[in-house]
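A.B. asks: Here's a structure for you.
The values are calculated or read from the model by the stated rules, or taken from the named source; none is laboratory data. Remember, predicted model here, so these are calculated numbers, not experimental data. Reconstructed Cβ throughout: ideal geometry from the backbone, glycine too, with neighbour counts over all protein chains shown. Note: accessible area is taken over every heavy atom of the protein model, side chains too, but ligands, DNA and RNA are not part of it. Shrake-Rupley method; radii C 1.70, N 1.55, O 1.52, S 1.80 Å.
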Amino acid sequence: MKYKEEILLNGLVRYHNPVTEGGGEWMKYGLIDAIQKHGSKECYDRAYEWCSGSAPIGFAMLDQGIANHITLADKFELAVNDCNYTLVTNDITHKGEAFLSDTVAGIPDTGKWDLVVSNPPHCETVSWNMSEHHKRILGDPEWKTHEEFYANIRPRLTDDA
C-alpha cells in the first residue's frame, strides 16, 4: 500500500491514506496552540485521541512533546492501520497504541488519560448525496457515538485531566 508522508515539525513522519483524512490534518496546530495556551500542563502523560482517523492531532502532540504517550481509536480499519504503520515505522510503539473502536468502552484499559482530544463526527444526519467518505467522517446518527463517549469517558480520566 502506498502511503502519503507528512513530516511533522520535529521530524516525526505520519503516514496516511487520503481516505482516512477527516480534517485533523489542518486543525492540529490550532488545537495544539489552544492546549499550550489554556491547558493545565506543559506535557501530558497519557493522551487519548477519540475518532483519531490517521491521528494527525495525536502524532503532532507526540512530535511536539505535548504528550508522552497516545492512545488512538477509530472505527475505520484503514485509519487504524495508518496509525500502527506510523508507530512502527517511527519506532515509537512504546509511545502509543491504536485500536479499532468507535466507543470508549471498546478500548482496553491501558492506563488513565490526562488529556482527551478529538475531531469527532459533526452531524446527527448526513445528506443522502454525500460521498460514503463524508458520511463516515461527518455522521453520528442519533448522536450514539457522542452519547457513548460522554457516558464512559470519566472513569478513564486521571483526577487532573
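A.B. asks: Take the residue pairs 4/144; 41/112; 28/144; 4/28 and return only those whose Cα atoms are more than 21 Å apart. Could you put the intermediate results ahead of the total?
C.D. replies: Values: 4/144 32 Å; 41/112 16 Å; 28/144 25 Å; 4/28 17 Å.
Violating the 21 Å limit, Cα to Cα: 4/144; 28/144.
A.B. asks: How much of the accessible area of the chain, in percent, comes from carbon and sulfur atoms when a 1.4 Å probe is used?
C.D. replies: Details: 4490 of 8350 Å².
Carbon and sulfur together cover 54 percent of it.
A.B. asks: Charges only on Cβ, +1 for Lys and Arg, -1 for Asp and Glu: so what's the dipole of the chain about the Cα centre, in debye to the nearest 20?
C.D. replies: On the way: 15 positive and 25 negative charges, 25 e Å.
Computed charge dipole of the chain: roughly 120 debye.
A.B. asks: Any idea of residue 94's accessible area? Nearest 10 Å², probe 1.4 Å.
C.D. replies: Roughly 130 Å² of residue 94 is accessible to a 1.4 Å probe.
A.B. asks: Hey, can you find the accessible area per residue of the range 1-91 for me, probe 1.4 Å, expressed in square angstrom? Write out the running numbers ahead of the final one.
C.D. replies: Numbers: 4140 Å² over 91 residues.
With the other protein chains kept in place, the range 1-91 gives 46 Å² per residue.
A.B. asks: Under 5 Å between amide hydrogens, which residues at least 5 positions from residue 73 or on another chain qualify, with H placed 1.01 Å from N in the peptide plane?
C.D. replies: Amide H neighbours of residue 73, under 5 Å, 5+ apart: 49, 51, 52, 99.
A.B. asks: Considering the chain as a Gaussian network with a 10 Å cut-off on Cα pairs, which listed residue, 119, 129, 81, attains the greatest mean-square fluctuation?
C.D. replies: Of 119, 129, 81, the Gaussian network model singles out 129 as fluctuating most.
A.B. asks: What does the charge count near residue 61 come to, summing +1 for each Lys or Arg and -1 for each Asp or Glu among other residues with Cβ under 10 Å from its Cβ?
C.D. replies: -1
A.B. asks: Which longest run of the chain has no exposed loop site in it, a site being GluC sites (Glu not before Pro) in a DSSP loop with at most 15 other beta carbons within 10 Å, and the site itself not part of the run?
C.D. replies: On the way: sites that count: 42, 124.
That gives 43-123 as the longest site-free run.
A.B. asks: Quick check on the chain: helices-only [θ] at 222 nm, where DSSP H runs of length 4 and up contribute -39,500 (n - 2.57) each and the sum goes over total residues. Nearest 500, please. Working shown, then result.
C.D. replies: Details: 5 runs with 52 residues, N = 161.
Calculated mean residue ellipticity at 222 nm is -9500 deg cm²/dmol.
A.B. asks: Show which aspartates and glutamates lie in cross-link reach of residue 95 when reach means a straight Cα distance below 14 angstrom and same-chain residues fewer than eight apart are skipped.
C.D. replies: Excluding near neighbours in sequence, the set is 45, 49, 63.
A.B. asks: With N set to the residue count of the chain, report its C-alpha Rg divided by 2.2 N^0.38 Å to two decimal places. Could the numbers behind the result be given before it?
C.D. replies: Details: Rg = 15.0 Å, N = 161, 2.2 N^0.38 = 15.2 Å.
Against the empirical 2.2 N^0.38 Å value, I get 0.99 for the chain.
A.B. asks: Whole Å is fine, so just give me how far the alpha carbon centre of the range 53-121 lies from that of the range 8-50.
C.D. replies: Centre-to-centre (Cα) distance: 10 Å.
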